[in-house]
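Some notes on the structure that comes next.
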Amino acid sequence: MTQATRGADVVDELTADHREATELLDKILTMSDPQTRRDMADTVITELVRHSVAEEMYVYPVIEETFPDGKKVVEHDIEEHKELERTMKELESLDATDASFTEVVGRLREQLHHHATDEEDEQFPRLRTYVSREKLVEMREQVEKAKKLAPTRPHPGSPNNEVFHKLVGPGVGLMDRVRDKLTGRTTA
């Protein structure tokens, strides 16, 4: 979502992503123009998908390897990502004039807030404890690159793991971007 400044680490990057997505969702809830609401929803969906894929590729493997309870932490986060994906898929299919559009945006905002709070209050401080500053900066660079190639649409039926995202993700991302272009969907 943001172009991180030199010296910023992966925690800074992911925290900024959380803030920007939350702000977009808040704006959607105050907007009345259906096209603006739809465009903003498409943008937030795109950015959250990219964020999640990048985390699953480069952050979760480090958590799994370095935290004593890393496997459990990652399993919990992946389940939350799946929940967010299902909600984004639902939102993606709704017209902005649909009565349930606002309800689904609100639910997505609530799910994101819960997930971001878990990460920012519990996991990110632990990352900074267990992982060197140099490695955290390197991870930010990996996350930034991954977000550029990641899918732009939710695929809740797809695996949420590093291997899938590295092998299949760039192709899925390319197809999503082609589909976005053909449909005129706003992605950023």
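The values are calculated or read from the model by the stated rules, or taken from the named source; none is laboratory data. It should be emphasised that the depicted structure is a prediction, and the values quoted were computed from it without experimental measurement. Ideal geometry is used to build each Cβ from the backbone, glycine not excepted, and the neighbour counts take in all protein chains shown.
Side notes on the structure shown:
- Options 64, 83: the member that is at pLDDT 95 or above, farther than 18 Å from residue 10 by Cβ and of a type outside the set (S, T, N, Q): 83
- When segment 68-117 is filtered for residues that are surrounded by 17 or more Cβ atoms within 10 Å (Cβ to Cβ) and either in a loop (DSSP other than H, G, I, E, B) or without any contact (Cβ under 8 Å) to a residue 12 or more places away in the chain (or both), the ones remaining, listed by number, are 70, 94, 96.
- Conditions (1) at pLDDT below 65; (2) of a type in the set (A, V, I, L, M, F, W, C); (3) over 14 Å from the mean Cα position of the chain (by Cα): number failed by residue 127: (1)
- Checked against (1) farther than 19 Å from residue 63 by Cβ; (2) under 15 Å from the mean Cα position of the chain (by Cα); (3) modelled with pLDDT of 90 or more, residue 151 passes all but condition (3).
- Residue match in segment 47-67 (condition: in contact (Cβ under 8 Å) with a residue 40 or more places away in the chain, more than 21 Å from residue 138 (Cα to Cα) and among the polar types (S, T, N, Q)): no
- Taken as a whole, the structure places residue 15 among residues that are under 19 Å from the mean Cα position of the chain (by Cα), polar (S, T, N, Q), under 27 Å from residue 140 (Cα atoms) and at pLDDT 95 or above.
- Qualifying residue in segment 33-40 (condition: crowded, with 17+ Cβ neighbours inside 10 Å, touching a residue at least 40 places away in the same chain (Cβ under 8 Å) and not in a helix (DSSP H, G or I)): no
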